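Inspection log for the structure reproduced underneath, given as structure tokens.
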Amino acid sequence: MNPENKLSQTRIQLSSGGFSIEELELLFSTMPAEVSFIDKDDIVRFFNNKTNRFFSRPMAALGKDMRFCHPKRVLPTVEQLLKDFKEGKQNRALFWRSDQNGCFISIEYFALRNDKGEYMGTLEIVQDITELKKLEGNRDELIYP
């Protein structure tokens with residue numbers, strides 16, 4: 001059997017269902033957000049593979065300290081955020097900004113904790129919410145963008 005074929009048939013079983021590796025890759029690459037995960041030791045362990053990213057994530061960042069992935073001007077804020085997550089003072093942080101292309105970007109961090117409440121890492125989600133900010137009223141009918 002071709003090793004690539006075997007890999008695409010491997011299933012990752014979670015508590016509420018499972019995915020093949022191919023399905024999981026498609027899920028993360030289709031998601032309308034940039035997703036990054038750093039472990040409890042601040043090591044970059046994952047980011048989804050998006051073509052048009054707001055924040056570049058070179059493959060070389062994987063397995064490295066997250067401090068190498070952030071500009072020096074924001075590093076004190078990120079370090080304080082991680083300290084607060086690790087000490088259990090906070091579980092979520094939200095930032096936003098406009099970029100040079102007129103996009104309004106949401107940058108959200110979540111502390112990941114196990115069943116015992118122990119800090120296991122941080123999830124970062126970055127997304128363009130420009131269109132979401134314009135929504136009003138209700139829309140219950142199927143309309144394709």
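Please treat every number below as a calculation from the coordinates, not as lab data. Just so you know, these numbers come straight off a predicted model, no measurement behind them. For neighbour counting, all protein chains shown are included, and Cβ atoms are generated from backbone atoms with ideal geometry for every residue, glycine included.
In this rough spin-label picture, where each label sits 7 Å from Cα along the Cβ direction, the Asp42-Gln90 distance is 1.5 nm. So what's the back-of-envelope 222 nm ellipticity for the chain, counting only DSSP H runs of four-plus at -39500 (n - 2.57) apiece and dividing by all residues, rounded to 500? After summing the helix terms and dividing by residue count, I get -6000 deg cm²/dmol.
Once the Cα-Cα distance is subtracted from the 0.36 nm per residue extended length, the Cys103 to Ile125 segment shows a gain of 6.4 nm. Split the chain at each of the GluC sites (Glu not before Pro) in a DSSP loop with at most 13 other beta carbon atoms within 10 Å, and the longest piece is 1-86. Can you match Rg and Dmax of the Cα atoms in Å to one of these, (1) 17.7, 54; (2) 15.2, 45; (3) 28.2, 91, based on a calculation from the structure here? Only one option fits the structure, namely (1). Here the relative contact order of segment 20-63, from alpha carbon pairs under 8 Å that lie six or more residues apart, stands at 31 percent.
Each residue of segment 31-37 is assigned a 3J(HN,Hα), and the resulting list reads 3, x, 7, 8, 10, 10, 10 Hz, derived from the Karplus form 6.51 cos²θ - 1.76 cosθ + 1.60 (θ = phi - 60°), x at Gly and Pro. Of interest is the spacing of the C-alpha centroids, which for segment 51-66 and segment 114-145 amounts to 21 Å.
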